[in-house]
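Asks: If you scroll down you'll find the structure; I have some questions about it.
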Amino acid sequence: MKSEPLIEVVDLARYYEMAGTIIKALDGVNLEFYRGEYVSIVGPSGSGKTTLFNLIGGLDRPTRGKVYVDGVDLAELDAYELAWLRCRKIGYIFQNFNLIGVLTALENVALPTVFAGLPWEEGLKRAEELLRLVGLGDRLRHLPSELSAGQQQRVAIARAMVNDPDIILADEPTGNLDHETGRHIIGLLQRLNREREVTIIAATHDVEMIKGSDRVVWLRDGRVEKIEVK
């Protein structure tokens, strides 16, 4: 690991008002994530995992505190600059896959390259390489409805990787998968982490994923309860 964190979260808080009550989704979180690290974020529903992801990814603004990505204060970026950072620095993997149903696996993976300004043919080439990497070279032209849940998650992983991000945020990536398929997905993420030095931050309850982590951050009621170094 490098001495300088790739992501730094400083006194991060996000409050919401609901029916006159203040909900503290995050309440003073301090964390650092390093290049090439594999970190699991663990906690019960409502502990703040998704809120933390949204703030790190620049999808939401904090009530208080700072998020730095590669030394850049996200609060100093305008909407265009945030979109640029999300497109090139951060890949997302969602529990529900979030694939576009009318696009093939190849097209789903290539789509983010359009927003990165790459020619479509180059995007398709990258997408094909990644789909072959995740074991879907024979499913390039299949629609999501023609793929199993595990195959759809592999497409989602390839899509997250297509712009060569430094960071992958994975929200319960094995949550909708059977045990054996989940093990394959975990192995794939660990391989990407190891071979490409991608920093992976995964919200998970999967014991197998937690076992393979460098660190486990336990959240409860919007605060860091403990950090376990594996």
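Asks: Considering only DSSP beta bridges where both residues belong to the chain, give the percentage that are antiparallel (nearest 5). If you can, show how the numbers build up before the last one.
Replies: On the way: 23 of 40 bridges.
Beta bridges within the chain, antiparallel portion: roughly 60 percent.
Asks: Next up: Carbon and sulfur atoms: what percent of the 1.4 Å accessible area of the chain do they account for?
Replies: Working: 5430 of 11040 Å².
The computed percentage sits at 49.
Asks: Select from Leu99, Ala75, Leu111 the residue farthest towards the positive end of the dipole of the stretch 56-159; place +1 on Cβ of Lys and Arg, -1 on Cβ of Asp and Glu, and compute about the Cα centre.
Replies: Checked the options; the winner is Leu99.
Asks: Averaging sequence separations of C-alpha pairs under 8 Å and six or more residues apart, then dividing by the length of the stretch 48-129, give the relative contact order as a whole percent. Don't jump to the answer; show the numbers that get you there.
Replies: Working: 45 pairs, mean separation 14.8, N = 82.
Result for the stretch 48-129 is 18 percent.
Asks: Set the Förster distance to 41 Å, then compute FRET efficiency between Ser148 and Glu32 from the Cβ-Cβ distance, nearest 0.05.
Replies: Working: r = 37 Å, r/R0 = 0.91.
Once the sixth-power term is evaluated, E becomes 0.65.
Asks: Another one. Keeping every protein chain present and rolling a 1.4 Å probe, give me the accessible area per residue for the chain in Å². Kindly include the intermediate steps, with their values, before the conclusion.
Replies: Details: 11040 Å² over 230 residues.
Spelled out: the 1.4 Å probe surface of the chain, per residue, equals 48 Å².
Asks: Here's another thing I want to ask about it. Take peptides 192-205, 47-60 and line them up by average Cβ neighbours within 10 Å, highest first, as a rough protection proxy. Don't skip to the answer; put the middle values down first.
Replies: Working: 192-205: 19.4, 47-60: 21.1.
Those peptides, ordered most packed to least, come out 47-60, 192-205.
Asks: Let me know the shape class of the stretch 107-216, please: from the alpha-carbon gyration tensor, a ≥ b ≥ c as square roots of the eigenvalues, rounded when a/c is under 1.5, otherwise prolate if a/b is greater than b/c, or oblate.
Replies: Values: a/c = 2.20, a/b = 1.40, b/c = 1.57.
Since a/c reaches 1.5 but b/c is at least a/b, the shape of the stretch 107-216 is classed as oblate.
Asks: According to a simple spin-label model (label point 7 Å from Cα along Cα-to-Cβ), what is the distance in nm between Val10 and Glu81?
Replies: 1.6 nm
Asks: Just tell me which lysines come within less than 26 Å, Cα to Cα, of Lys125; anything on the same chain fewer than 8 places away is out.
Replies: Within the straight-line limit of under 26 Å, Lys125 reaches these lysines: Lys89.
Asks: Order these peptides, 106-119, 153-166, by their mean beta-carbon neighbour count within 10 angstrom, highest first. Before the final figure, lay out each step's value.
Replies: Values: 106-119: 18.6, 153-166: 23.8.
The packing order, highest mean first, is 153-166, 106-119.
Asks: In whole percent, what relative contact order does the chain give with Cα contacts below 8 Å and a gap of six or more residues?
Replies: Values: 464 pairs, mean separation 64.3, N = 230.
Taking the mean separation of contacting Cα pairs over the length of the chain, I get 28 percent.
The values are calculated or read from the model by the stated rules, or taken from the named source; none is laboratory data. As the structure is a computational prediction, the values presented were derived from the model and not from experiment. Cβ sites come from the backbone with ideal geometry, for glycine too, and all protein chains shown count toward neighbours. Each accessible area value is taken on the protein alone, full model and side chains, heavy atoms only, with ligands, DNA and RNA left out. Shrake-Rupley method; radii C 1.70, N 1.55, O 1.52, S 1.80 Å.
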